[in-house]
1. Suppose each label sits 7 Å from its Cα in the direction of the beta carbon; what would the residue 80-residue 107 distance come out to in nanometres?
2. What is the dipole size for the stretch 93-218, taken about its Cα centre, with +1 at each Lys and Arg Cβ and -1 at each Asp and Glu Cβ, in debye to the nearest 20?
3. What percent do you get for the relative contact order of the stretch 150-278 when only Cα pairs under 8 Å and 6+ apart count?
4. Considering the dipole of the stretch 121-164 built from charges on the beta carbon (Lys and Arg +1, Asp and Glu -1) around the Cα centre, which of 160, 125, 139 is farthest to its positive end?
5. Under the 0.36 nm per residue contour assumption, what length would be gained going from the current alpha-carbon distance of residue 174 and residue 278 to full extension?
6. Taking R0 as 25 Å, what's the FRET efficiency between residue 184 and residue 212 from their Cβ-Cβ distance, rounded to 0.05?
7. Placing unit charges on C-beta atoms (Lys and Arg positive, Asp and Glu negative, everything else neutral), compute the dipole magnitude of the stretch 157-262 about its Cα centre in debye, rounded to 20.
8. Among the aspartates and glutamates, which have Cα under 12 Å from the Cα of residue 131 when same-chain residues fewer than 8 positions away are ignored?
Amino acid sequence: MLTSLKKIPFTDFKITVYKLLLFNDLVSRGKVKRSSVQYDLPLCSIILFELEFSPMDCEEVLRSGQKKSGVYTIWPRSRVTEDRPLEVFCDMDTDGGGWTVLQRRGNFSRPEDYFYKDWASYKKGFGDNEKDFWLGNDNIFALTNQRLYSIRFDLKAVDGERRYALYDTFWIDDESHKYTSHISDYSGNAGESMLERHNNRKFSTNDQDNDDHKEISCAQTYKGGWWYGACHHANLNGFYLRGPHESLGNGVNWRTFKGHNESLDTTEMKIRPKTFRK
């Protein structure tokens, strides 16, 4: 029996950081002194586990008691990120919270073409987690392959109208498979704009054309990095044109909410485990 160990509430978290401390004197003496209290122990090797909480996503951050939206450090469990810490923005307000934000667009005084970047930039990620950013395809792969996730798209038009699209299942493949998307089971009020053109599609950028179109580069034509088919119903990484535009489909567009000729004011893409319960 050991006392004064920190009591950690049990959840369905994966607590994977263990410091293993082997006390050889327990083997030889069969007893240990702790806080001036002596306990008789059987003659055996005893390993003590010191558990450190290392959340793998924002749902685990929420379960640990953190209920304020903001930037937190998580540790995705992945060979790609090698369990390195990652700073992410956690949305603790939307529909119960626990969302790990993957992307944000908004009026942050960036150039309109700020998201028109190359493969290496989308692989690594760019921007400011508290403003507009892309978390990075390697990080998105790491996150979406450690648990089963849903994805939510929060959209706001320049007139203030808000809509959302929720897909019950979302993950992407690794770079060797061009970060191919997997998304299914829509609900929400923004209208369905991802499944036909963007499910089971490879990621494309202005310097790497992996789309389905035989004549053009969708990324170059529509000015974004995205899972283009031939070409798009959603283009959330397009030019930030903020409102109606004459050019077709090169803004921050969602076909079933404001269409291909009106660029949205703000967008967020965020994931949460499918097992989440409020």
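Here, each number is a calculation from the coordinates, and none is a lab measurement. All of these numbers come straight from a predicted model, not from anything done at the bench. Reconstructed Cβ throughout: ideal geometry from the backbone, glycine too, with neighbour counts over all protein chains shown.
1. Roughly 3.4 nm, to one decimal.
2. For this selection, approximately 160 debye.
3. So the answer I get is 24 percent.
4. Highest projection toward the positive end goes to 139.
5. Roughly 34.3 nm would be gained on extension.
6. Working: r = 19 Å, r/R0 = 0.74.
Computed FRET efficiency for residue 184 and residue 212: 0.85.
7. Magnitude of the dipole: close to 240 debye.
8. Once the sequence-local aspartates and glutamates are set aside, what remains near residue 131 is 268.
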